[in-house]
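*Asks:* The structure is given below, and queries will be raised subsequently.
The values are calculated or read from the model by the stated rules, or taken from the named source; none is laboratory data. All of these numbers come straight from a predicted model, not from anything done at the bench. Note that we place each Cβ from the backbone using ideal geometry, even for glycine, and neighbour counts take in every protein chain shown.
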Amino acid sequence: MSKCYAVASGKGGVGKSTLTANLAAALALEGSRVLVIDADIGLRSQDAILSLENRVVYDLIDLAEGDCTLDQAVLPVDSVRGLFLLPAAQFSRARKLDPDRFRKILDSLRQSYDYIFIDCPAGVERGLRNVLNAGVDEEILVATPDDISVRSAERAFQVMDSKKLNRPWLIVNRINADWVRSAGMMSARTVSQVLDLPLLGEIPDDPVVLRAALKHSLFITYDCEARNALMRTASRLAGRSLPFPCYGEKKPSLLRRLFSRPLKEVTPIDDH
Ligand SMILES: Nc1ncnc2c1ncn2[C@@H]1O[C@H](COP(=O)(O)OP(=O)(O)OP(=O)(O)O)[C@@H](O)[C@H]1O
Ligand SMILES: [Mg+2]
């Protein structure tokens with residue numbers, strides 16, 4: 001029987017889809033059967049992240065409306081054995097997804113996978129509520145370490161809380177250790193304390209993540225710090241207890257301190 005996670009955020013663009021795909025791939029590489037469901041109806045992205053954009057014929061809405069079978073809609077990811085995608089519809093609206101039908105789809109998928117990750121749309125509107133009402137086991141909230149993202153994560157948590165689900169896990173994404181040390185960026189631990197949510201992962205801001213995205217490939221296939229952090233996060237999901245690196249909370253080296261550049265203020269230009 002599988003464990004089903006909804007991956008959500010308050011604010012958009014914090015890295016939900018990227019982390020969902022890479023977490024799912026990391027667990028599949030360890031030998032699990034893993035399904036990613038793209039529930040971001042109308043703004044799908046998992047097909048591109050998993051390099052399946054030319055293979056999508058049927059989607060979640062087709063499946064919910066009985067226009068295709070499970071086998072027709074679910075696609076295997078070529079590059080990662082054991083990883084599968086149920087894509088979102090590209091030209092549809094969240095309201096087209098009936099929560100009861102979604103629940104039935106989830107129930108019928110559970111026997112076939114060890115993990116199911118549902119990539120939710122950003123925000124606290126119908127798209128998220130549809131997923132929460134479908135009966136997921138646990139939620140993962142993704143936030144970046146800035147006030148606006150944290151505030152909106154709090155709002156998303158309130159929506160989850162009102163549905164009486166377990167306390168969500170927290171992944172803090174795009175941490176810059178130098179900025180935590182010197183520019184007032186919150187550390188992952190601080191975000192976790194502010195939101196009072198258990199920390200599952202802290203992922204650094206890493207240019208390799210964007211370079212991988214540009215190539216439509218997974219960043220865990222490249223040697224980088226984000227990969228190390230993501231693999232630790234996947235291991236924690238699989239039940240292993242691993243220490244957190246606490247990016248930015250340790251004293252910087254002398255060289256780093258010598259070469260760190262302070263913000264340089266400029267006078268605003270008022271005549272053009
Ligand atoms: N740790 C990271 N370091 C650098 N870039 C990152 C990191 N995480 C995500 N990104 C980049 O941030 C952008 C947004 O990521 P993504 O699409 O996964 O966010 P999202 O939360 O799913 O967005 P939406 O709310 O629109 O669905 C992408 O270009 C991605 O490559
Ligand atoms: Mg997304």
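*Asks:* I'd like the residue in segment 75-133 that is within 16 Å of ligand 2 (Cβ to nearest atom) and at pLDDT 95 or above and, out of all such residues, is nearest to residue 32 (Cα to Cα).
*Replies:* 117
*Asks:* Tell me yes or no: at least one residue of segment 50-73 is within 13 Å of ligand 2 (Cβ to nearest atom), under 26 Å from residue 208 (Cα atoms) and within 16 Å of the chain's Cα centre (by Cα).
*Replies:* yes
*Asks:* What number of residues within segment 174-222 are more than 20 Å from residue 147 (Cα to Cα), outside any helix (DSSP H, G or I) and at pLDDT 95 or above?
*Replies:* 3
*Asks:* While we're on this one: Just to be sure before I move on: is residue 10 near ligand 2 (Cβ under 10 Å from one of its atoms) and either in contact (Cβ under 8 Å) with a residue 60 or more places away in the chain or among the aromatic types (Phe, Trp, Tyr) (or both) in the structure I sent?
*Replies:* So residue 10 fails the test.
*Asks:* Going by the conditions given, is residue 5 more than 15 Å from ligand 1 (Cβ to nearest atom) and of a type in the set (Phe, Trp, Tyr)?
*Replies:* no
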